[in-house]
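Shown next, in structure tokens, is the structure this report addresses.
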Amino acid sequence: MTVEFITKADLQSLKNEIIQELKAFHAPSVNNLKAYLKSSDVRDLLGCSHGTLQNLRIKGILTPSKIGGSWYYKTDQVYNLLQNGDLSN
């Protein structure tokens with residue numbers, strides 16, 4: 001019978017591998033993302049109201065384009081806002 005020892009470095013390496021796999025699992029796939037999102041999609045992602053989304057536009061935190069009466073937001077800008085988690089600017 002052989003005995004194997006686990007070092008702190010082994011545990012740290014395992015932890016880093018698990019974190020990397022979880023990040024890859026939860027990261028949105030670039031191929032599946034639309035270039036632009038409608039206001040309702042952005043509100044759902046951010047979990048905010050119409051007024052809050054309007055304030056984000058007014059403050060310049062999000063810079064959408066208005067096409068035919070609908071606002072369209074750049075997907076990467078919305079996900080950057082989600083990662084920063086700062087809706088209070």
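The count of lysine pairs in the chain whose Cα atoms are under 22 Å apart, excluding pairs fewer than 8 places apart on the same chain, comes to 9.
Distance between the 7 Å Cα→Cβ label points at Ser70 and Gln83: 2.7 nm.
Assuming charge only on the beta carbon of Lys and Arg (+1) and of Asp and Glu (-1), the dipole of region 34-84 about its Cα centre is about 160 debye to the nearest 20. Applied to region 49-56, the Karplus parametrisation 6.51 cos²θ - 1.76 cosθ + 1.60 on θ = phi - 60° returns per-residue 3J(HN,Hα) values of 8, 4, x, 5, 5, 4, 5, 5 Hz, with x for Gly and Pro.
Here the chain is assigned +1 on the Cβ of each Lys and Arg and -1 on the Cβ of each Asp and Glu. Its dipole about the Cα centre then comes out at about 580 debye.
A short reminder: the numbers here are calculations on the coordinates, not readings from a lab. Keep in mind it's a predicted model, so treat the numbers as computed, not measured. Counting neighbours? That spans all protein chains shown, and the Cβs are built from the backbone with ideal geometry, glycine included.
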